[in-house]
Structure formats: C-alpha cells, structure tokens
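Trainee: I'd like to ask some things about the structure below.
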Amino acid sequence: MKVFLYDTNLIISSKIKNQLKALGVQLVNRENVDEDCIALVNLESPKGLEISKELKEKGIKVIGYCGHKNLSLMQEAKNLGVDLVVPNSQVAANLANILHEV
C-alpha cells in the first residue's frame, strides 16, 4: 500500500508516519501520487481542503482528518467528495482500520 501524507502539524504527522512505517506502508511524496495511493490529509493544514480537492479530481482516494469539534470543516470536506472524514483521535487510534475502509 502507498500513502501520501499531507500534514503540517509536526506532532500529528510524526505519529502517523511512525504508525505507517510499523504497518509496512510506503510513503510517497506529492509528485509520485497515483491512483494506487491513498492520501491522508490534515484538513486543518494550510490548503488542506484545496489539496484534497486536487487529489479527488485526479481520482485519488482521500482520507481527511481534523479536530473533532471542527464540524463545519468536516462537512466542507465531505461536500468536496473526500472519501472518509474522521477526527484526529480516530487516525491516531485506528489508522490500520481507516486505511482499509477506503
């Protein structure tokens, strides 16, 4: 499995990267994203929604995440067609399951 991670929060992205490595997932950079990838996007990062939209337009599966109280951002992401929108806590606790949901 290949995953593209877009997250400017160093604490969260570090935790996610460690989990992905433990799962044996290959991390790819933005230039190497293709239809076989899953994108994990922190919706609260600058341009998080914009990047999600670009990836969806290219046919990439996108999992968006943000703080659990940010309901309007979650709804915006769903309206853009993000495949799965979850709170940060779910990404931290259930990453393996979340990756298999999309």
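Trainee: Answer with a single label: of [x] 20, 13, 13; [y] 24, 13, 12; [z] 18, 16, 12, which was calculated as semi-axes √(5λ) of the Cα gyration tensor in Å from the structure in view?
Mentor: Derived directly from the coordinates: [z].
Trainee: Sum -39500 (n - 2.57) across every DSSP H segment of at least 4 residues in the chain, then divide by the residue count to get the 222 nm mean residue ellipticity, nearest 500.
Mentor: Mean residue ellipticity at 222 nm (helix-derived): -14000 deg cm²/dmol.
Trainee: Restricting to lysines 8 or more places apart or on different chains, can you count the pairs in the stretch 2-101 with Cα atoms under 15 Å from each other?
Mentor: 8
Trainee: Ordered by packing density, taken as the mean number of other Cβ atoms within 10 Å over each peptide's residues, highest first, how do 15-24, 80-89 rank?
Mentor: In decreasing order of mean packing, 15-24, 80-89 become 80-89, 15-24.
Read-outs: derived from the displayed coordinates by stated rules, not from any lab. This structure is a prediction, so every number in the text was calculated from the model and none was measured. As a convention, Cβ positions derive from the backbone with ideal geometry for all residues, glycine included, and neighbour counts pool all protein chains shown.
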